[in-house]
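A.B. asks: Sharing a structure here in structure tokens format.
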Amino acid sequence: MLTPKDKKLILEVCTRVTPVAERIGADALNRLFVVFPGAKTYFSHLDISAGSAHLRSHGGKIVLAIAEAAQDIGKLNETLGPLQTLHAYQLRIDPGKFKLFSHCMLIALACYLLDEFTEEAHAAMDKYLSAFTAVLAEKYR
């Protein structure tokens, strides 16, 4: 599904955003909550207001997980195993929310990377995030 060029572009994007993981992740989560307010129900125990420490912390964790899994895309199932179990059995997150978040993540990346987020990089990240969310949702079947 991902070409060698796609994988290279994905690693470049992940390398670029890892130092600002909290910023990118918080932006993507905030977009998710504004556009799809039903997603807030999973965070009712946290302060998820724009710029809050909880929003930055969780957003950073998500971006770092995305970047970590990108290091060896061929092992997504192994890398994401603990997150699959956590989200499916403990947090019981609606797997449809993963796809919505990935769209918000693409927008956050585009806003941060600007011209560096080329059409090719966007397409590669879209394919990667689709694979990432599909693997994350596998435990729901």
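A.B. asks: Conditions first: (1) in contact with a Gly (Cβ under 7 Å, 6 or more places away or on another chain); (2) modelled with pLDDT of 95 or more; (3) not small (Gly, Ala, Ser). Ile62 passes all but one, so which condition is the exception?
C.D. replies: All conditions pass for Ile62, except number (2).
A.B. asks: Next up: Quick check on Met125: is it buried (at least 19 other Cβ atoms within 10 Å of the Cβ), at pLDDT 95 or above and either closer than 20 Å to Gly74 by Cα or basic (Lys, Arg) (or both)?
C.D. replies: yes
A.B. asks: Taking the options Ser130, Ser44, name whichever one is at pLDDT 85 or above and polar (S, T, N, Q). Quick ask: steps written out before the conclusion?
C.D. replies: Working: Ser44 fails: at pLDDT 85 or above.
One residue alone meets the criteria, Ser130.
A.B. asks: Sort out which residues of the range 114-141 are without any contact (Cβ under 8 Å) to a residue 12 or more places away in the chain, farther than 19 Å from Ala65 by Cα and part of a helix (DSSP H, G or I), and write them in order of number.
C.D. replies: Result: Leu114, Asp115, Glu119.
A.B. asks: Turning to a different aspect of this structure: Scan the range 89-101 and give yes if some residue there is open to solvent by less than 60 Å² (accessible area, probe 1.4 Å) and among the charged types (D, E, K, R), otherwise no. Walk me through it before giving the result.
C.D. replies: Within the range 89-101, the first condition is being open to solvent by less than 60 Å² (accessible area, probe 1.4 Å), and the residues that meet it are 93, 95-98, 100-101.
This time we only want the ones that are among the charged types (D, E, K, R), so: 97.
Yes: one or more hits.
A.B. asks: Are any residues in the range 8-48 open to solvent by less than 60 Å² (accessible area, probe 1.4 Å) and hydroxyl-bearing (Ser, Thr, Tyr), and if so, which ones?
C.D. replies: Matches in the range 8-48: Thr18 only.
A.B. asks: Do any helices (runs of 4 or more DSSP H) entirely within the range 43-113 hold 3 or more residues that are touching a residue at least 12 places away in the same chain (Cβ under 8 Å) and within 13 Å of the chain's Cα centre (by Cα), and if so, which?
C.D. replies: By residue number, 53-70, 96-113.
The values are calculated or read from the model by the stated rules, or taken from the named source; none is laboratory data. Keep in mind that what you see is a predicted model, and the values were worked out from it rather than measured. Neighbour counts are summed over all protein chains in view; Cβ atoms, including those assigned to glycine, are modelled from backbone coordinates with ideal geometry. Note: areas computed on protein heavy atoms with side chains; ligands, DNA, RNA excluded. Shrake-Rupley method; radii C 1.70, N 1.55, O 1.52, S 1.80 Å.
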